[in-house]
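K.L.:
Sending over a structure as structure tokens; questions will come in a sec.
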Amino acid sequence: MDRGSELSDFLRACRARLTPDRAGIADSGRIRRVPGLRRDEVAHLANVSVDYYTRLEQGRAANPSPEVIAALADALQLDGSERAHLSDLCGPSRRASGTAQRVRPGLLLTLRSLEDVPAFILGRRTDVLATNRLAREIIADFDSMPAVERNMARYTLLDPRARERLVDWDQAAADTVAVLRFDAGRHPGDRRLADLIGEMTVRCPEFTGWWNDHRVLRRTHGIKRYRHPVVGDLEFSYESFEPPGDPDQCLCVYNVEPGSPSAEALGLLASWTAERQLD
């Protein structure tokens, strides 16, 4: 991924979706030939020169200061994920390690202690590094897949079973693409990520539209809904945690509301899978 082009496209996309009303800009009566804000309006809001902002949007202004990045983020009303993505695109390039990611023993023990809810560990480019029993039952049995296929984005966008299991597949798939774009900003030289993006561009009809939206998302928390073939619909409140010392991994936990139909169904499923393992 070319960082200059990515920064240019990202700034244009953010500028196009911010209306003058939302930005607090009074109607000057000038005819608008572009959607959203004009370059001079963004420059004014960020307190930088129009020439400097133009060069930045064209990928010709190198290494803007943290103050300028923060001012642009404020002017464009970026959320937390978008601010981090802008900083990644403007900062020094980080080279992705070519070595396979490993889950440290302590984090793996934490995952294995979570027996009553689905949980898993993701790495760069949404590679699935480890799962517990209920995650394999609810989402997919990644352990049985070839190593190259153990990837949440590849499963969500390319595996027909994901469209059947994810109740809100369109939203979940779009969010997954946004997570990939966030990761691409962190690791623009990741060859495996570029190959994954190329594969999904060819094989998933919806991917290109979502990718060209330039939406970014960092996994934090939210709602996931699945339709299991045995126990039916399940609603989870998920939380994601970055382990100290490794921002390229996250532990994802799918919780259920105590006493809810989802909790009862999950309990039945946990008992059934435990008995099946003993057979």
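K.L.:
Kindly establish whether THR99 is more than 20 Å from the chain's Cα centre (by Cα) and assigned to a loop (DSSP other than H, G, I, E, B).
P.N.:
yes
K.L.:
Within the bounds of segment 114-123, is there any residue that is within 27 Å of VAL216 (Cβ to Cβ) and surrounded by fewer than 20 Cβ atoms within 10 Å (Cβ to Cβ)?
P.N.:
no
Conditions tested, residue by residue: (1) surrounded by 13 or more Cβ atoms within 10 Å (Cβ to Cβ); (2) touching a residue at least 60 places away in the same chain (Cβ under 8 Å).
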position: LEU217; (1), (2): yes, yes
position: HIS221; (1), (2): no, no
position: LEU234; (1), (2): yes, yes
position: GLU242; (1), (2): yes, no
position: CYS250; (1), (2): yes, yes
position: PRO258; (1), (2): no, no
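K.L.:
Going residue by residue through segment 175-186, is there one that turns out to be touching a Phe, Trp or Tyr at 6+ places or on another chain (Cβ under 8 Å), without any contact (Cβ under 8 Å) to a residue 40 or more places away in the chain and either over 24 Å from LEU86 (Cβ atoms) or not aliphatic (A, V, I, L, M) (or both)?
P.N.:
no
K.L.:
Which ones in segment 173-193 are among the small types (Gly, Ala, Ser) and modelled with pLDDT of 95 or more? Write out each step before concluding.
P.N.:
So the first thing to find is which residues in segment 173-193 are among the small types (Gly, Ala, Ser), and the list is 173-174, 178, 184-185, 189.
ALA173, ALA174, ALA178 - these are the residues of segment 173-193 that are among the small types (Gly, Ala, Ser) and modelled with pLDDT of 95 or more.
The values are calculated or read from the model by the stated rules, or taken from the named source; none is laboratory data. Treat the numbers as computed from the prediction; the structure is a model and nothing was measured. Methodologically, a virtual Cβ is constructed for each residue, glycine included, from the backbone with ideal geometry; neighbour enumeration extends over all protein chains shown.
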